[in-house]
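Here the structure comes first, spelled out in structure tokens, and everything after it is commentary.
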Amino acid sequence: MPEFERAGFRRLARGIGTGAPVNLYFHFVVAMPAGWLNRHQQLVVEYLQAENQARKEQLGGRRLRRTDVQRRRLATKAKAVGRAGLAQLGTVVTADTLLRWYRTRVAEKYDGSKARKPGRPCVNASIGTLIAAMARSNPTWGYTRTCGALLNLGHEVARNTVKRILTDNGLDPAPQRSRGTSWKTFLASHMGAIAGADFFTVETLSAFWLIRHYVFFVIDIGTRRVHIAGITSQPCRAWMQQIARNVTDAASGFLSGTRYLILERDPLYTHVFRRLLAEAGINVLRLPPRSLNLNAFAERFVRSIRSEGLDRVIPLSEKHLRHLVSEYVAHYHLERNRQGLGNRLLQPLATNTNSCKVPVRTRSRRSGLVNYYYQEAV
């Protein structure tokens, strides 16, 4: 029997002993409904405990996601019950979690972060881009030197701000940044004296089978000019040695005046081939194994000549292939705009580009597969 009912019956018994019928009647009327209500509430609590236990078993250890509105409602009710009462109820979440939700709601009530005024103004994004560009172009500049260069432009920036911007852009401080030279910086600083070489293959159609031909070319990275050094179906050591002599000839060699040549680790680039280049004053830069995008200019030319020329024609012989390659190289030098050079032509022709009265003419190569539009000079 609940404690409330037992207390009511004790008072009822005391009333009987004193002979007070009015008190006896009053206690009887009050104690019986109150005991019934208390028993009913106890049964409801026991049912809710059993229901929560069943939900816990269904979840199987998984977390039950609740919305913020649900958390606020449960937190308000949990504060009124207290920790001891929550421990007896067997709630789905722990008592500490419910009270933590209540403390979070109290903290949100007194949160004044939205009313705060901004502190130190942020650095403009353009200034941050300028600082990163300065650091990349001047690897020996420290934080103070960079602040001085910005002050010359009218921007007063603190050293720690420069440090933070360089860190966000993945740039090391000046001592570490100046010790190593990136591949991009090396190419930019030697743009006029560095070239790349590569092979690509083309299958030509013969009477009985396909014959694979190897096309060896050299590209000047500074000017993007391309030289087809040789085409053969059987590349060998003697052929490569002759190619080395041709491209390094003092009078007409394409690599005359070049200091560096980028080569892959192809077995055709033999020791004798590299020695002939070294004797001509050319330093051979052999790419690391399985390296990507280190000979990008040569690879881009291979993509261009394949997609714009060779993939849309069936070469019928080596002679036909030589004609196709020479036609595309002429188009590449005279008529193809280079996006890497400001979308300009490598060798602009004398044309009239300002008059609307001069008719537009078309120059077609290889039966219209490659076209060039121009206006004749007046």
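What to note about this one:
- Candidates 294, 255, 277, 285: the one that is assigned by TED's automatic domain parsing to the domain that holds residue 306, in a strand (DSSP E or B) and more than 30 Å from residue 314 (Cβ to Cβ) is 285.
- No other residue among 368, 309 is among the small types (Gly, Ala, Ser) and modelled with pLDDT of 80 or more apart from 309.
- Qualifying residue in the range 277-289 (condition: closer than 20 Å to residue 328 by Cβ and buried (at least 16 other Cβ atoms within 10 Å of the Cβ)): no
- Within the range 231-253, being touching a residue at least 60 places away in the same chain (Cβ under 8 Å) and over 17 Å from residue 198 (Cα atoms) holds for no residue.
- Residue list for the range 205-230, restricted to those being surrounded by fewer than 16 Cβ atoms within 10 Å (Cβ to Cβ), in contact with a Pro (Cβ under 9 Å, 6 or more places away or on another chain) and free of Cβ contacts under 8 Å to residues at least 24 places away in the same chain: none
- In the range 312-334, residue surrounded by the most Cβ atoms within 10 Å (Cβ to Cβ) [restricted to those that are in contact with a helix residue (DSSP H, G or I) (Cβ under 9 Å, 6 or more places away or on another chain) and part of a helix (DSSP H, G or I)]: 328
- Count of the range 254-273 residues which are free of Cβ contacts under 8 Å to residues at least 60 places away in the same chain and either aromatic (Phe, Trp, Tyr) or buried (at least 18 other Cβ atoms within 10 Å of the Cβ) (or both): 3
- Of everything listed in (1) assigned to a helix (DSSP H, G or I); (2) within 31 Å of the chain's Cα centre (by Cα); (3) modelled with pLDDT under 85, the single unmet condition for residue 167 is (3).
- Every test in (1) β-branched (Val, Ile, Thr); (2) modelled with pLDDT of 80 or more; (3) within 30 Å of residue 173 (Cβ to Cβ) is passed by residue 104 save one, and that test is (3).
The values are calculated or read from the model by the stated rules, or taken from the named source; none is laboratory data. Just so we're clear, the structure is a prediction, and the values are computed from it rather than from any experiment. No Cβ is skipped: glycine too gets one built from the backbone with ideal geometry, and neighbour counts run over all protein chains shown.
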